[in-house]
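Q: Have a look at the structure that comes next, please.
The values are calculated or read from the model by the stated rules, or taken from the named source; none is laboratory data. Quick caveat, the model's predicted, so the values are computed rather than measured. Cβ coordinates were reconstructed from backbone atoms using ideal geometry, including for glycine residues, and neighbour counts include every protein chain displayed. When the accessible area is computed, the model is the full protein with side chains, heavy atoms only, and any ligands, DNA or RNA have been set aside. Shrake-Rupley method; radii C 1.70, N 1.55, O 1.52, S 1.80 Å.
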Amino acid sequence: MGVAIMLESGRVAARLPAQDLERARAFYAEKLGLEPSEERTGGLLYRCSRGEFAVFESDGAPSGSHTQIAWEVEDIEAAVEQLKTRGVVFEEYHLPGLTTVGGVAEVTGNYPSKGGVGERAAWFKDSEGNLLSIGQPIPRR
């Protein structure tokens, strides 16, 4: 049994650093409506319907320059509006090949294996500077 096979059947979970764990807990509760399913000294575990992530106390700072966690949603406009009403601030990008309008960008050709031709995506930072995103596949027409 090779390493790839072992990893292929394993669960994937993300880890996010937090310089202030209580501030992070408040952000995830107030802004995202998420409560930790487990807690331990220095860490919080969050479970969503198809995955989990942990926020852990760390002196290290996140880069904030790449997506660290992404949620796939069925209606990105509704999700963005709901999060905005909770005080989430979405990033705006005006880069070659990536421009957001109202916080949402169309990324063509992203993950065609999901049955689509791209993805609509939006990014925001948590209280600790971790870059998070939500996305919705663009179906084939």
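Q: Can you pull out every residue in region 12-58 that is without any contact (Cβ under 8 Å) to a residue 24 or more places away in the chain and open to solvent by 30 Å² or more (accessible area, probe 1.4 Å)?
A: E22, L34, E35, S37, E38, E39, R40, T41, R47, C48, S49, R50 - these are the residues of region 12-58 that are without any contact (Cβ under 8 Å) to a residue 24 or more places away in the chain and open to solvent by 30 Å² or more (accessible area, probe 1.4 Å).
Residue-wise test of (1) over 16 Å from E74 (Cα atoms); (2) over 12 Å from the mean Cα position of the chain (by Cα); (3) modelled with pLDDT of 95 or more; (4) in a strand (DSSP E or B).
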| residue | (1), (2), (3), (4) |
| --- | --- |
| T100 | yes, yes, yes, yes |
| E106 | no, yes, no, yes |
| V117 | no, yes, no, yes |
| A122 | no, no, yes, yes |
| S127 | yes, yes, yes, no |
| I138 | no, yes, no, yes |
| R141 | yes, yes, no, no |
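Q: Moving on. Filter region 128-141 for residues that are of a type in the set (S, T, N, Q) and within 16 Å of R15 (Cβ to Cβ) and give the result.
A: The answer is N130, and nothing else.
Q: Restricting attention to region 59-86, which residues are within 15 Å of L132 (Cβ to Cβ), open to solvent by 40 Å² or more (accessible area, probe 1.4 Å), in a loop (DSSP other than H, G, I, E, B) and not charged (D, E, K, R)?
A: Matches in region 59-86: S63, S65, H66, T67, Q68.
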